[in-house]
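Inspection log for the structure reproduced underneath, given as structure tokens.
The values are calculated or read from the model by the stated rules, or taken from the named source; none is laboratory data. For clarity, every value in this text was computed on a predicted model and none was experimentally measured. In this analysis, Cβ positions are derived from the backbone assuming ideal geometry, glycine residues included, and neighbour counts consider all displayed protein chains. What goes into the accessible areas is simple: the full protein's heavy atoms, side chains included, and nothing from ligands, DNA or RNA. Shrake-Rupley method; radii C 1.70, N 1.55, O 1.52, S 1.80 Å.
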Amino acid sequence: MKITLPALGLAGLLLLTGCGGNLDSDGDSGSTAAYPERAVTLLVGQDAGGSTDLIGRALADPASKDLGQPITVQNKPGANGAVAAKELAAAKADGYTVMVFVGSLAYITPLAVPADQAVDINNYEVVTGISQDDFVLIANPQTGFKTVQDIVAAKRPIKFATTGVGTGSQLTQTLLFAQAGVDATAVPFNGGAPALTAVLGGQVDVAAVQLGEAKEQIEAGKAVPIVTFATQRPSYMPDTPTATEAGFQVPVQQSRAIVAPKGTPKEAVDRLRTAFQKGFADQAYKDFNTKRLLTANEVDGTALLQQWNGSLQTYRDLVAQHKIDLTAK
Amino acid sequence: MSAVIDGFAVVLEPTNLLYCLVGVVIGMLIGVLPGLGPAATIAILLPVTFGMEPVTAVIMLAGIFYGAQYGGTITSVLLRLPGEASSVVTVFDGYALARQGRAGAALGIAAIGSFVGGTLSIVALTFVAPIVAGFALDFGPPEYTLLALLGIMLVATISSGGRIRALAAAGVGLLLATVGRDDFTSAERFTLGNLSLADGIDFVPIAMGLFGLGEILYNLEERHRAVQPPAKVTGVWPSRADLRQSSGAIGRGSVIGFVLGILPGGGAVLSSLAAYALEKRRSKHPERFGQGAIEGVAAPETANNAATTSSFIPLLSLGIPANATMAVIFGALLIQGVTPGPQLVTEHPELFWGVVNSMYIGNVLLLIMSIPLLGVFVRILRVRATVLAPITVLITLVGAYTVNNSVFDIGLVIGFGVLGYLMKKAGFDPGPMVLAFVLGSLLETSLRRSLLLFDGDPTGFVTRPISGTLFAMFLAVVLLPLAGTLLRRRRPAPTAGGEVAAHPEADRPTDTAQTQTGSMEPGPTVNESAENRPADSQQMKSGLVAGKPVSQSPSSTGPADAQVGSMAERPGESPSRNPNSETKEPE
């Protein structure tokens, strides 16, 4: 029966983490009716340890203090969050199941997958926006590329690494090179780290990755930043021009939001929004944002839907205009 | 150098020592639990690390990672359930030893090997980490393609079920690896419209089903012939003879583990495979492998621990996570505001050296703990199967669920459990299937990436220095023995000169081993009769031979059967046929 020993250990671990730090119920709960009277589940559609997961966990802790109930993070990775989104849609709309929704799932993936697999953000209730991640185009120093003009002037076919099909990394570069008239081949990798490695190792010429992922390598001089795809220069990278400044129309960002099932009662959505806003104000969370080079985008549901629906339309138009097929390699 | 010494000062702070201990104990526990791997555990524990100092957090998480390598051995040896993927090959000889009542020796040698491998790897890490920076980056998609190919061929060599069956099972594994959304075109492949399959089948349910549940089901049927687990485990310490026999394997395993662990990708898994295959090839008595060869436990266990340690090199020196667990530790560091990268050693020397040096302490702790805990875990064998089997099934299913919180995965475990059972009934070893599955997506994506990089020109594989070398190795491993076989078939007398002459040595151990894995026990058991000897040499001449002509299986029941460790041979798995028949040979 000794095997129960590890089993007990496991149970202990799960208890420890499931409830860790979220149990203090001295927040200003009780101001709005009965909700919430038990723990809230926060679905994360990405692997534990990834950016989205870290954001969800960093936010769950301070928000739960205000909510007076634990917020337990549950990872349901798969298909860039589509698996979790499907589960969320099927969950009871009672405010006890919410999800960290990634923007690319709502406004980029639909361009790359068949229509019946696309997730429509309008079928959900948006609680609040969270933050935005900017993409940066980096080059291996040996290519000598420092600007987009350098790439054009090289007059040679180039290879670029993406973080996968249907990602912002693919969309940004495909649009940029289509507009610049560069003969470029996409080489998809699984995520930011391998794409970055491919640039550092000189297997590809350039890659677009999230700012936080490339920061160290850029500072170490192992990767050269060419443009960011932000709307304005991120404060973390004042010397790198945006793609718009360089003369190209490629405004693509990763964005994240807290989303509930359609039909969640307004009181619950409002209560959650208040809790997450308290979370946004938490100093530890703000420090987290700074460290990860995230730009706050703590807008309400209506504004967020406008952003995301607008992005989807913009990308649809751009993709059509440049005759790009994101599904073709 | 002073930074190194300062690092020890960091480790010796009571808090850090305590968390090092906590880490290795948790690691050992989850290593014993099949299914809950270090990556999942570390992810679950991330919230706990929020309040810790970065060094303390990583010391604990690292402890979980290498502690799991120690723990993974225990279930491999005692229950034939690899706790971790990197302990899969340990099953072959470890379980055989356990059935011979030598579980103590197997676990002891594994702990010693792990300790030596881990420690040598830390020493090497200390000196090599700063230098190695440029090397790992030279491994691009073409190199990975060839590494994966080599790995799959190794799978066929290490398998004890016969080469053709192993390759067939590996083929199925490769096919299973293609399930899921295509990484390049996002087209759905074999997902049956099910979103849970969009990212493919997870490794965990496949391994748990084929190895765990399949084995339990098979044992239920075999219960009438089940042999009592060793009532007394004597000799928790390996004998002097064991140590002498294993010392070479431990040394070579350390080197293989260290080198392969540095490379991003499945370092610990690949290195345990490679170390096992190397020992089998080098051995003068390769037929002992699968029957309880102590080197067969020492080599992979040493290698996987060495690889675990050296896989910190790309993370700490380049900021590149070499595997899933490293990726989670990468995430833990980011939470702490430390971005792993080329500047880590200079900007956070206390972190770098603190973590590196904590591994010395952790390995010592694990070695010490392994001795008293061995007794505890060995007692598991005394629990009756009727008690143990349901508990194991429960833990397996819970473990399968916790990885992705997915009920679908539980269904997969059950499905693969049934498949594993049927495979064993039909004489197929599930090992190559699982391992080919692991390498399958690496092979496919790397190959397609390479061809994109080469503009579709496959000669690129040969012209790049590292991939060219790997390609030459691949040819040597696979094609030359085959060519030798063909030549020898044309000319019955083995007089062919040149390269062929060089190869009888190379293919002899493998083929003999495969032939002999069918045999029960070294020594004169049942049908190990004279007539099998010519058969063996005949097989050596004919190179690749699928089935075993060794015809003892059906007659060997009872204790003899129990002493057979590996998945290889059960009655009916080795269809007896004319050893001289060449009709079923592969072309």
Can you pull a Stokes-Einstein diffusion coefficient for the stretch A:92-164 at 37 °C (0.692 mPa s), Rh from Kirkwood over Cα pairs, as a whole number of µm²/s? 201
Within 10 Å of the Cβ of an average residue in B:442-455, the count of other chain Cβ atoms is 3
May I ask you to derive the FRET efficiency for A:Thr327 and A:Lys262 from their Cβ-Cβ distance with R0 = 45 Å, giving the value to the nearest 0.05? 0.95
Residue order for B:Ser87, B:Ser239 - accessible surface, 1.4 angstrom probe, largest first: B:Ser239, B:Ser87
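To the nearest 100 Å², how much accessible surface do chains B and A hide from each other in total, with a 1.4 Å probe? Intermediate results must be reported in sequence, preceding the final value.
Numbers: alone 22990 and 15080 Å², together 33120 Å².
That pair hides around 4900 Å² of surface in total.
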Exposure of B:Val259 as accessible area (Å², to 10), given a probe of 1.4 Å and all protein chains: 70
Above 27 Å lies some portion of the pair distances; for the stretch A:41-189, what is it as a whole percent of all C-alpha pairs? 36
B:His285-B:Ala426 FRET efficiency (beta carbon distance; Förster radius 30 Å; 0.05 resolution): 0.55
Report the net charge of residues surrounding B:Val116, where surrounding means a beta-carbon distance below 12 angstrom and charges are Lys +1, Arg +1, Asp -1, Glu -1. 0
What is the average number of partner chain Cβ atoms found within 10 Å of a Cβ in B:352-359? 0
Taking r as the C-beta separation of B:Trp237 and A:Gln277 and R0 as 56 Å, the FRET efficiency to the nearest 0.05 is 0.35
So who's got an amide H within less than 5 Å of the one on A:Thr128, skipping anything under 5 residues away but keeping other chains? H placed 1.01 Å off N, in plane. A:Ile258
Need the full-extension length gain, A:Asp270 to A:Glu245, defined as separation in residues times 0.36 nm minus the C-alpha distance. One decimal, nm. 5.1 nm
Can you work out D for the stretch A:134-252 in µm² s⁻¹ from Stokes-Einstein, where Rh is the Kirkwood radius over C-alpha pairs, the temperature is 20 °C and the viscosity is 1.002 mPa s? 158
If you put +1 on each Lys and Arg Cβ and -1 on each Asp and Glu Cβ, how big is the dipole of the stretch A:134-252 around its Cα centre, in Debye rounded to 20? 220
Rounded to the nearest 10 degrees, what's the angle between the helix A:51-67 long axis and the longest principal axis of chain A, both from Cα atoms, 0 to 90? 30
Separation in nanometres of the label points that stand 7 Å from Cα toward Cβ, at B:Thr463 and A:Ala296: 5.4
Between A:Arg156 and A:Asp94, 0.36 nm times their residue separation minus their Cα-Cα distance comes to what? 16.7 nm
For chain A, what is the Kirkwood hydrodynamic radius in Å, using each pair of distinct C-alpha atoms? 20.8
Simple label model, 7 Å out from Cα along Cβ direction - B:Glu221 to B:Leu486, nm: 3.9
At what distance in nm do the modelled label points of A:Asp287 and B:Leu475 sit from each other, each positioned 7 Å from its Cα along Cα→Cβ? 5.9
Determine the shielding of peptide A:187-193 by partner chains: average, over its residues, the number of Cβ atoms on other chains within 10 angstrom of each Cβ. 5
Calculated [θ] (222 nm, deg cm²/dmol) that DSSP helices of n ≥ 4 give over chain A, each run adding -39,500 (n - 2.57): -12500 deg cm²/dmol
